[in-house]
Structure formats: structure tokens, C-alpha cells
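Chemist: Okay, handing you the structure first.
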Amino acid sequence: MVHLIKRVAAIHDLSGYGRASLTTIIPILSNMKIQVCPVPTAILSTHTGGYEGYSFMDLTDYMEKHINHWKKLNLEFDCIYSGFLGSPKQVKIVEDFVDFFGKKAELVVIDPVMGDNGVLYDTMSDEMVQEMKKLIQKADIITPNFTEVMYLLGKEYKEDISIEEVKNSLVELSQMGPKIVIATSVPEPNTTLEKRTSVIAYDSENDVFWKVTCKYIPASYPGTGDAYTSVLIGSLLQGDSLPIAMERGVQFTSQCIMASYGFNYPTKEGVLLERMLDVLKIPTIATDYEMLPR
């Protein structure tokens with residue numbers, strides 16, 4: 001399959017205000033010269049991270065019509081990228097999408113969005129966790145944060161975790177199906193005055209672990225997970241290796257947070273993405289990734 005422009009089928013919600021999901025994914029991948037073909041799962045007036053009284057339209061039934069038209073057109077995609085899903089039925093729709101379109105795709109990337117900081121989001125349930133366990137079996141790459149890693153494995157979340165425990169957890173997840181497991185927001189032992197956080201990956205085909213560590217910034221912005229995974233996907237589709245793609249994602253997300261942190265505005269609006277998109281065009285000098293001993 002050769003396309004003049006790489007194509008990503010992005011199965012995510014669309015918020016009219018606030019930088020998250022499709023309003024983050026589309027500009028990032030477009031700037032990386034990749035076409036985004038959205039499958040909207042819901043339409044919201046704002047994202048749910050801090051706004052109250054937002055309007056919400058569930059598009060579960062519409063998704064099937066949308067996808068059926070694509071099937072009739074015999075469309076092909078270089079990557080399938082699924083993020084936040086609102087119900088078990090949506091999970092099953094994505095499973096069918098991957099079964100139909102995934103055979104010719106280079107990558108199937110699942111971001112199993114379910115929770116953060118040790119707890120599930122209000123819209124999630126144990127049933128959704130069980131359905132997500134089935135969905136990740138169809139993925140080439142999954143990008144859970146560390147809270148989601150623990151929920152997928154049915155383990156208790158804790159911040160004081162050893163690197164060996166993290167590595168064992170990623171291996172366990174890879175045994176559920178995905179070839180590559182990338183855990184974000186992995187807490188680092190507080191051995192210095194500077195608090196740090198890591199992204200750690202396990203590549204099961206090559207039996208190797210990769211790690212990228214960055215400075216922890218004490219601010220929370222919606223949509224940074226979408227930004228990270230989008231840059232990771234764009235980098236891989238451009239031909240970068242896994243550790244370079246991981247580092248590009250970490251560098252871009254960190255730079256977005258640093259650039260936004262100094263301004264006095266509501267963080268629930270998300271990072272100042274528009275100010276930083278040109279960074280994606282700068283050649284990356286990879287200096288921070290490391291291979292962990294097996």
C-alpha cells in the first residue's frame with residue numbers, strides 16, 4: 001500500500017472548545033505531513049476536563065454508518081489510532097474497524113484512555129476496563145499511562161514502584177497481544193531535588209526496553225496524552241525508530257507544557273499548541289533515550 005500522503009484513521013471525540021482529542025490530533029499530524037481521517041465518537045461543546053454544563057452528543061449509532069461508507073469505498077489506512085471510547089458498544093465497533101481495515105495498516109495504535117492519578121475517570125466502569133482488555137489484544141502499540149497499566153493488569157496503583165516491577169508489568173501487558181507497550185507518566189524514584197517522570201516501552205519482538213525521562217512540571221493540561229501519542233505515531237510513520245519516536249513525543253509535549261506554564265490562563269484550555277506546532281518541523285537530535293537492561 002503506497003499513499004502519496006500517509007493516512008491515519010483517528011477514532012476520537014470532538015470538542016468544540018479546549019485542546020484535546022481531535023482538535024489536538026489533527027493539527028499535530030497535519031504538521032507532520034500526515035492526513036487525519038476522523039471517526040468521531042462524540043461531539044461536545046467543550047472537553048470534560050474542568051468544564052461544567054457542557055453539551056454532549058453520543059455518536060455511537062452514527063459511527064457504524066460512517067464506517068460502513070468507508071468499507072464500501074474500500075479505503076485503506078497506514079495507521080488506525082483509537083483513543084477515548086464512551087461505551088462497551090463503541091469498543092466493539094472499534095474492534096470490528098480494526099478487523100476490517102487493520103489488515104493493510106502499518107500500525108494499529110490503541111490509547112486505552114480510562115483514568116489517571118490512580119483512579120478511573122467518572123465515565124469509566126469495570127465493564128469498560130474488561131472491554132479495553134479485549135481491544136488492546138488487536139493493537140500493535142498501546143500507550144496507557146501508568147494508572148491504566150495497573151487497571152489493565154488488575155493491580156493496585158502505587159507511586160513507589162521499582163523499575164523491575166514496571167518492566168514486569170509491561171511484559172505482562174505485551175503477553176495480552178500488543179507488540180509494543182509504552183507506559184507514560186511512570187513515577188521516578190525521588191532520589192534528587194528535581195522530581196522527574198518517565199516514559200518506558202517494551203518491544204516484545206526485539207525483547208528490549210526503552211526509557212525516556214523528563215523533568216516533572218507541576219501543572220496539568222488536558223490533551224497532553226493525545227499530543228504525545230500523535231507525535232509518536234507521526235514519527236514512526238516518518239520512518240523513525242521506536243526510541244527516537246518516544247523521545248520526540250516527550251520533547252514536544254514537555255516543550256508545550258513549558259511554553260504554556262509561564263502564562264496566566266486557565267490550564268483547562270490545554271497547552272498553547274498553536275505556538276508550538278513549528279517545533280515539529282525542527283530536526284530532532286535524540287540524546288535522552290536509553291536502553292534498559294533486560
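The values are calculated or read from the model by the stated rules, or taken from the named source; none is laboratory data. All of these numbers come straight from a predicted model, not from anything done at the bench. Glycine also receives a Cβ, built like all others from the backbone with ideal geometry; neighbour counts cover every protein chain displayed. All accessible areas refer to the heavy atoms of the entire protein, side chains included, with ligands and DNA or RNA removed. Shrake-Rupley method; radii C 1.70, N 1.55, O 1.52, S 1.80 Å.
Chemist: From the list THR287, THR224, exactly one residue is loosely packed, with under 13 Cβ neighbours inside 10 Å, under 30 Å from ILE5 (Cα atoms) and hydroxyl-bearing (Ser, Thr, Tyr). Which is it?
Modeler: Numbers: THR224 fails: loosely packed, with under 13 Cβ neighbours inside 10 Å.
Exactly one residue qualifies, and that residue is THR287.
Chemist: Can you name every residue in region 70-92 that is over 20 Å from TYR121 (Cβ atoms) and of a type in the set (A, V, I, L, M)?
Modeler: Correct list: LEU73, LEU75, ILE80.
Chemist: Answer with yes or no whether THR184 is open to solvent by less than 30 Å² (accessible area, probe 1.4 Å) and in a strand (DSSP E or B).
Modeler: Spelling it out, THR184 is indeed open to solvent by less than 30 Å² (accessible area, probe 1.4 Å) and in a strand (DSSP E or B).
Chemist: Consider GLY118 carefully, then state whether it is of a type outside the set (A, V, I, L, M) and loosely packed, with under 15 Cβ neighbours inside 10 Å.
Modeler: yes
Chemist: Continuing with the same structure: Quick check on region 17-58: of everything there that is open to solvent by 50 Å² or more (accessible area, probe 1.4 Å) and of a type in the set (Phe, Trp, Tyr), which residue is nearest to THR253 (Cα to Cα)?
Modeler: Here the residue is TYR17.
Chemist: Then there's this: Go over the candidates ILE43, ILE93, ILE34 one by one and state the one that is in contact (Cβ under 8 Å) with a residue 60 or more places away in the chain and either in contact with a Ser or Thr (Cβ under 8 Å, 6 or more places away or on another chain) or of a type outside the set (D, E, K, R) (or both).
Modeler: ILE34
Chemist: Could you check how many residues of region 74-115 are of a type in the set (Asp, Glu), out of contact with any Leu (no Cβ under 9 Å at 6 or more places or on another chain) and either more than 20 Å from PRO40 (Cα to Cα) or buried (at least 20 other Cβ atoms within 10 Å of the Cβ) (or both)?
Modeler: Going through region 74-115 one residue at a time, the tally reaches 1.
Chemist: Still on this structure, I have one more. Tally up the residues in region 202-218 that are more than 19 Å from PRO189 (Cβ to Cβ) and either open to solvent by less than 30 Å² (accessible area, probe 1.4 Å) or charged (D, E, K, R) (or both), please.
Modeler: Looking only at that region, the number is 5.
Chemist: Can you pull out every residue in region 184-229 that is within 22 Å of GLU106 (Cβ to Cβ) and without any contact (Cβ under 8 Å) to a residue 40 or more places away in the chain?
Modeler: Matches in region 184-229: TYR202, ASP203, SER204, GLU205, ASN206.
Chemist: With respect to the numbered conditions (1) open to solvent by 30 Å² or more (accessible area, probe 1.4 Å); (2) farther than 12 Å from THR184 by Cβ; (3) part of a helix (DSSP H, G or I), which one is the sole condition not fulfilled by GLY239?
Modeler: (3)
Chemist: Determine whether region 158-166 contains at least one residue that is closer than 23 Å to VAL108 by Cα, touching a residue at least 12 places away in the same chain (Cβ under 8 Å) and open to solvent by less than 20 Å² (accessible area, probe 1.4 Å). Lay out the reasoning, then the answer.
Modeler: Narrowing region 158-166 to residues closer than 23 Å to VAL108 by Cα: none.
Checking region 158-166: not a single residue is closer than 23 Å to VAL108 by Cα, touching a residue at least 12 places away in the same chain (Cβ under 8 Å) and open to solvent by less than 20 Å² (accessible area, probe 1.4 Å).
Chemist: Quick one: would you say LYS195 is farther than 19 Å from VAL113 by Cα and among the basic types (Lys, Arg)?
Modeler: For LYS195, the condition - farther than 19 Å from VAL113 by Cα and among the basic types (Lys, Arg) - is met.
Chemist: Turning to a different aspect of this structure: Out of everything in region 246-272 that is crowded, with 20+ Cβ neighbours inside 10 Å and of a type in the set (A, V, I, L, M, F, W, C), what residue ends up being nearest to THR24 (Cα to Cα)? Before the answer, list the steps.
Modeler: Applying the first criterion (crowded, with 20+ Cβ neighbours inside 10 Å) to region 246-272 yields 246-253, 256-257, 260, 269-271.
Then keep just the ones that are of a type in the set (A, V, I, L, M, F, W, C); that gives 246, 250, 252, 256-257, 271.
Working: MET246: 18, VAL250: 15, PHE252: 13, CYS256: 12, ILE257: 14, VAL271: 10 Å.
Filtering first and then ranking leaves VAL271.
Chemist: Identify all residues within region 187-208 that are at pLDDT below 95, in contact with a Ser or Thr (Cβ under 7 Å, 6 or more places away or on another chain) and either in a loop (DSSP other than H, G, I, E, B) or within 21 Å of LEU135 (Cβ to Cβ) (or both); write none if there are none.
Modeler: GLU188
Chemist: If ILE161 satisfies every condition in (1) among the β-branched types (Val, Ile, Thr); (2) over 17 Å from GLY83 (Cβ atoms); (3) assigned to a loop (DSSP other than H, G, I, E, B); (4) within 17 Å of the chain's Cα centre (by Cα) but one, which is the exception?
Modeler: (4)
Chemist: For region 9-16, indicate whether the set of residues that are open to solvent by less than 10 Å² (accessible area, probe 1.4 Å), in a helix (DSSP H, G or I) and closer than 28 Å to GLY249 by Cα is non-empty.
Modeler: Within region 9-16 (the criterion being open to solvent by less than 10 Å² (accessible area, probe 1.4 Å), in a helix (DSSP H, G or I) and closer than 28 Å to GLY249 by Cα), the answer is no, since none of the residues qualifies.
Chemist: Taking region 209-236, which residues are of a type in the set (Ser, Thr, Tyr) and assigned to a strand (DSSP E or B)?
Modeler: Passing the criteria: only THR213.
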